[in-house]
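A short worksheet on the structure shown next.
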Amino acid sequence: MTGVFWFAFFAAHLKTYVVATECDSLSVEFIVQKGDALLAAIEDDVRSDLSKVNINVVTRFLDKDDFNSNMTAGNFNLCFSETWGPPYDPHSYAASWNTPDEAHYAAMKGMSAPNTQNRLTENISAVLVEEDLQKREEKWQDILMAVHEQAIDLPFSGKRIPTVLSKRLTGYVAGQQQFDYPVQNLAVLSGSSTITVAPGAQTGLFDTVGRLDPHTYRPNEFFANNWVYEGLVAYGAHGVIEPALATSWMISDSMEGGQKYTFKLRDGVKFHDGSDWNCDVAKLNFDHVLSKPLTTGDYHGWYDLPKQIVSWHCALADEFVVITKDAYYPLLQELTYIRPLRMLSPAMFVNGGTTDSSTNNSCHAGWGTIEGNGATITCSGIKGVSGTGPFKFIETMSNGDVKFERHTDYWRLRPQVETLIVKKYANHGAVMAALLDGSLDAVMGSGVLEPADLESIRTRPTSDFQVFLGPAIQNRMIIINSNKAPTADLRIRKVIIHAVNKAKIIDKELYGLAKPVDTLFPKNAPFCDVDLTPRWDYDFEKASLLRCPVTDAEISTSRVCAAPAITALATSLIMFFFEASLLFARF
């Protein structure tokens with residue numbers, strides 16, 4: 001290569017640097033939920049990368065309630081989020097974009113024509129009832145491309161769920177969805193049949209199991225509800241829908257134009273309080289969860305199943321029939337969700353098995369009286385905690401720990417673990433200390449250990465622990481608000497996406513235990529193996545030129561005057577390399 005080549009190369013890259021640093025500074029607000037050490041570490045790196053294109057990041061670390069209120073109000077430019085993984089992606093996650101309690105709802109308000117937020121919502125509703133598989137694939141591709149082109153998300157990394165087990169335990173099996181920690185599969189090789197667990201919670205570190213009712217939401221924790229309650233069907237490996245409280249089902253066209261699902265119910269199942277499982281109990285739970293006022297977006301309408309089910313009844317004592325409005329393809333998948341359609345014992349409804357769903361609904365009493373869809377209900381809550389799952393709730397202790405015991409009449413194989421203590425720790429360091437001193441048997445889930453501590457345990461040549469990493473079932477992303485300046489500008493959203501060096505941050509903060517992604521959903525999610533262009537990759541030069549698109553004339557005149565120190569240095573360096581290039585050209 002000639003010296004002239006090197007001069008041109010250096011000058012071009014110096015021009016990019018000058019452009020990036022001479023633009024007027026912009027400020028963006030980044031909201032981050034407290035309690036997750038990894039997100040805090042990533043935020044620091046993102047802030048550093050964006051400063052290189054003269055974007056100043058003002059970060060607010062917020063408690064969960066404050067985070068949620070700011071998120072739903074659209075009071076942010078950037079916020080961390082993640083897809084929900086199986087069985088929710090992509091259909092339920094995308095359907096949730098139309099509900100005000102999700103960050104995408106606020107972030108998408110600024111989407112520009114022709115792919116406005118309203119049009120996107122219509123397209124998502126249409127694809128969920130598309131019976132033709134090829135057309136369904138095409139419609140999903142159009143939806144994914146529309147969101148991609150609007151640069152609403154900075155896709156960051158695939159998320160893998162870590163598990164650390166004491167060597168006195170065996171039988172690890174990866175959960176099939178987020179917050180699915182299958183403790184019931186563990187066996188104790190030595191010592192006590194009581195085990196201690198620090199689980200990953202919605203806030204990272206575990207705080208409380210909440211009310212532990214199956215039909216509502218926060219502060220209930222997914223993992224605890226999943227141990228206690230079950231649904232008609234379960235989500236198995238590779239997306240297979242497996243029998244649970246229903247042993248089989250048949251699907252046929254209904255006379256009303258939708259579909260008819262006939263579930264054969266499992267015989268001999270007992271709730272933790274000794275009540276029997278049967279069709280009357282299934283109907284009672286459906287009556288309460290699907291009361292008309294609760295099917296709106298403010299409650300259970302964050303996904304489309306409550307709007308699609310139009311009727312349900314018992315054909316026989318062990319045969320439960322559900323009728324849908326349309327040929328709604330995700331129905332069985334959505335019946336596997338951890339909430340809100342898991343089954344509560346009839347004895348735990350306020351007036352037992354005859355509890356009226358209008359006057360004493362099982363919804364949280366704090367919700368009060370709810371009107372909607374032409375009906376009114378009064379929420380009375382539940383009397384206690386009782387499901388059919390592998391573990392039953394015993395108590396929350398004075399130190400915040402929570403005790404569960406195995407369900408001895410469990411219809412599947414009875415768990416070997418007799419007693420399960422969920423441990424509450426003040427910080428991530430306390431979790432690591434408990435592992436090392438032997439008082440903690442297991443860590444399950446993300447956001448519990450500092451990434452450095454997880455790596456330390458994983459790479460020890462001799463260790464008392466086993467470390468497992470589940471498959472990448474979700475994508476972590478940064479949502480960029482299209483409805484709040486300065487990120488209301490599509491160009492600025494693209495700058496942010498291209499300016500963040502994802503691979504470098506992942507190597508630094510995740511120790512290479514994840515990989516960068518460039519799409520919103522994991523490629524192995526249904527209908528999501530789509531090549532989307534342009535690729536949302538790290539490209540500092542592109543980010544710089546998008547950040548401050550100027551001509552060569554502007555570089556040499558007004559923009560140069562804006563930063564005399566940088567310009568003088570740049571000029572000196574260019575002249576040096578130019579003279580050097582002429583010298584080298586002689587040889």
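What are the ³J(HN,Hα) couplings of segment 100-107, residue after residue, when phi is run through the Karplus curve with 6.51, -1.76, 1.60 and θ = phi - 60°? Round to Hz, x for glycine and proline.
x, 8, 10, 4, 5, 4, 6, 5
Suppose every Lys and Arg Cβ carries +1 and every Asp and Glu Cβ carries -1, with no other charges. What dipole size does the chain come out with about its Cα centre, to the nearest 20 debye?
Numbers: 52 positive and 68 negative charges, 168 e Å.
The calculated dipole for the chain is roughly 800 debye.
In segment 403-531, with Lys and Arg counted as +1 and Asp and Glu as -1 at Cβ, which of these residues, I505, A442, F404, has the Cα nearest the positive end of the dipole, that is, farthest along it?
Checking the options against the dipole of segment 403-531, the answer is I505.
Which one, T163, N285, G374, projects farthest toward the positive side of the charge dipole computed for the chain from Cβ point charges (K/R +1, D/E -1)?
Positive-most Cα among the choices belongs to T163.
Name the residue farthest towards the positive end of the dipole of the chain from the options F223, S96, Y261, assuming +1 on Cβ of Lys and Arg, -1 on Cβ of Asp and Glu, about the Cα centre.
My answer, from the dipole projection, is F223.
Please state the shape class of segment 209-350: rounded when a/c is under 1.5, otherwise prolate if a/b exceeds b/c and oblate if not, all from the C-alpha gyration tensor.
On the way: a/c = 1.43, a/b = 1.18, b/c = 1.21.
Taking the square roots of the gyration eigenvalues as a ≥ b ≥ c, segment 209-350 is rounded.
Quick one: Cα centre-to-centre distance for segment 122-169 and segment 398-425, in angstrom?
Going from one Cα centre to the other spans 34 Å.
Scan the chain and report its longest stretch carrying no GluC sites (Glu not before Pro) that are both in a DSSP loop and have at most 16 other Cβ atoms within 10 Å.
Values: sites that count: E131, E256, E418.
Within the chain, the longest run free of exposed GluC sites (Glu not before Pro) spans 419-587.
Rank the residues S112, S92, S157 as a footprinting-exposure proxy: fewest other Cβ atoms within 10 Å of their Cβ go first.
S112, S92, S157
Would you mind working out the magnitude of the charge dipole of segment 209-350 relative to its Cα centre, with +1 at each Lys and Arg C-beta and -1 at each Asp and Glu C-beta, to the nearest 20 Debye? All intermediate terms of the calculation are to be shown ahead of the outcome.
Numbers: 12 positive and 17 negative charges, 45 e Å.
Dipole of segment 209-350, to the nearest 20 debye: 220 debye.
Each reported figure results from applying straightforward, stated rules to the coordinates on display, with no laboratory input. None of the values given here were measured: they were computed from a predicted structure. Cβ atoms come from the backbone with ideal geometry, glycine included; neighbour counts cover every protein chain shown.
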